[in-house]
1. Does the range A:306-314 include one or more residues that are within 14 Å of another protein chain (Cβ to nearest Cβ), crowded, with 19+ Cβ neighbours inside 10 Å and over 25 Å from the mean Cα position of the chain (by Cα)?
2. What pairs can you find where one residue is in the range A:85-96 and of a type in the set (Lys, Arg), the other is part of a loop (DSSP other than H, G, I, E, B), and their Cβ atoms are less than 9 Å apart, with a gap of 6+ or different chains?
3. It is to be established whether one or more residues within the range A:334-344 are out of contact with any strand residue (DSSP E or B) (no Cβ under 8 Å at 6 or more places or on another chain), more than 14 Å from chain B (Cβ to nearest Cβ) and loosely packed, with under 15 Cβ neighbours inside 10 Å.
4. Identify, from the list A:GLY234, A:GLY303, the residue that is within 14 Å of chain B (Cβ to nearest Cβ), crowded, with 20+ Cβ neighbours inside 10 Å, closer than 24 Å to A:VAL366 by Cβ and over 24 Å from the mean Cα position of the chain (by Cα).
5. Could you go through the range A:242-264 and let me know if any residue there is surrounded by 21 or more Cβ atoms within 10 Å (Cβ to Cβ), over 26 Å from A:LEU320 (Cα atoms) and modelled with pLDDT of 95 or more.
6. Restricting to the range B:96-135, name every residue that is under 30 Å from A:GLY333 (Cβ atoms) and either touching a helix residue (DSSP H, G or I) at 6+ places or on another chain (Cβ under 9 Å) or at pLDDT below 95 (or both).
7. Applying the selection to the range A:28-52, what residues are assigned to a strand (DSSP E or B) and either over 20 Å from A:ASN121 (Cα atoms) or out of contact with any Ser or Thr (no Cβ under 7 Å at 6 or more places or on another chain) (or both)?
8. Taking the criterion of being modelled with pLDDT of 95 or more, within 14 Å of chain B (Cβ to nearest Cβ) and surrounded by fewer than 24 Cβ atoms within 10 Å (Cβ to Cβ), would at least one residue in the range A:1-23 satisfy it?
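The values are calculated or read from the model by the stated rules, or taken from the named source; none is laboratory data. Please read these numbers as outputs of a predicted model, since none were measured by experiment. Every residue, glycine as well, gets a Cβ built from its backbone with ideal geometry; the counts of neighbours run over all protein chains shown.
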Amino acid sequence: MASPSPTAARKTPLYSEHQHLGAKLIDFGGWMMPVSYPGGILEEHRATRTAVGVFDVCHMGEIHFRGPRAAEAVSRLVTSDAAGMPEGRALYTVACHETGGIVDDLIVYRIATDHFLIVVNAANIEKDYRHFLAHVGTWCQIDDESDTTALIAFQGPKAEAALTGLTKAAIATLRPFHFLPGQDVAGHPAWIARTGYTGEDGFEIGSPVEHAVALWQALLEAASAVGGKPAGLGARDTLRLEARLSLYGNDLSDSTTPLEAGLDWVVKFEAGNFVGKAALQRQREGGMTTMRKLAGFEMRERGIPRHGYPITDPRSGAVLGQVTSGGVGPSIGKNIGMGYVPAAHASAGTQLGIDCRGKLAMAEVVKGPFYRRKRA
Amino acid sequence: MSDSYPDDLLYTEDHEWARREGNVVTVGISQFAVEQLGDVTQVDLPREGEMLKQHDAFGSVESVKAVSDIFAPIAGKVVKVNTTLHDSPEYVNEDPYDGGWMIQIEPANPEALPNDLKKLMDATAYEAFLKEHED
């Protein structure tokens, strides 16, 4: 229960808004961020699953690639086929080291033929920028515009209805993982992407940082009109965990590869010569069955799995790995988690033991997301 | 703030409360602890009959965010456990001083009880303690 020291951490442009709303603020990876607002995490989680949750994600990084070789540069950095993306498309992918370890997981936006934007994790901005410069710094113009860009996530089944009143942009026909640059939202210049990190339909809205506060207020008002509310990092974590979305620093790291992390689908070996390709090819040829894999599991006995708890083989008692993310799944009424285990223990139905602070509780490996939204 | 910290209770620096009734002390966690934890999702408590030393961790409270140990404010034997918290941990949030009580302890040595209790804070001292540690 130690209080955070507010001195060193950076503040997003919405910091004072969170204070006004009575948020609990903590130092998260060097940023003062709201964990939750009065009402609490579960209420924010429910609001996002049933109406709209509004999230400050201004701490995330925005790195732009501009120039005739921008497509080539981005393709060199990420494991997907970035050069093949049409304008207006967004893509979830990873950037790897030569070792195959993940530098970061990110979303690539193709704004124009010769202009890409990569949105990166807050804690990785400097590392990513250095990595990008080291590999393709001479290929095109690379600018870290994180400090001048605000980003707000507007997530939930009523997000489209609520946003419609604030913009003339054609969001009704905007498909998932597509975006509209150069729009106007509540009188503010913005881009609107149909992306998110909650397992719900929704949008991520970017704008110049000087518009952040007014845009946030307009979005909050639109959200509350449909039963939505601001939501903090606590709800963001339970929402993404239920949707089985990985969190860099927990489930992904410099020493885990996308093949181990179950992100095979973002690795396009045929797409070109990306950094880390050779190592990943070797790992694949070594056999997907011999490596460790990120397994998702549901608790079958009483216990809440948490980051760092040992995962054991219930038959031999041998330690297989550690929980990388875990907690309660409020919308599914189950306790859930993820962790790296040898591939032989990672298939659905496998029984795992979770050592919850000395108490062994049984869990079972399950396939796919823990929570799936109902599609209209 | 006085409503948050009833006058008839004693408090620990770990944010447990203790209510003495005759030779039995009822234990729970304070409003401050509840606010820090957020939504409580699981409470694990000892079995009746277990012997505790003062400051022993006797159980844990899990919230959506984190897990925290709960410590015995006095030494003694666990004579009663609030088993309803097993299925209804939300009582801790809703009613920390009544429905959210956790265990009752009977001191093994009744003569040691006043001495154990002397180490705890009354409501005024606890509120001053909280203020002091605000940041």
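1. No, the range A:306-314 contains no residue that is within 14 Å of another protein chain (Cβ to nearest Cβ), crowded, with 19+ Cβ neighbours inside 10 Å and over 25 Å from the mean Cα position of the chain (by Cα).
2. A:ARG89/A:PHE177
3. yes
4. When all the criteria are applied, what remains is A:GLY303.
5. There is no residue in the range A:242-264 that is surrounded by 21 or more Cβ atoms within 10 Å (Cβ to Cβ), over 26 Å from A:LEU320 (Cα atoms) and modelled with pLDDT of 95 or more.
6. Across the range B:96-135, the qualifying residues are B:PRO96, B:TYR97, B:ASP98, B:GLY99, B:GLY100, B:TRP101, B:MET102.
7. Scanning the range A:28-52 gives A:PHE28, A:MET32, A:MET33, A:PRO34, A:VAL35, A:SER36.
8. There is at least one residue in the range A:1-23 that is modelled with pLDDT of 95 or more, within 14 Å of chain B (Cβ to nearest Cβ) and surrounded by fewer than 24 Cβ atoms within 10 Å (Cβ to Cβ).
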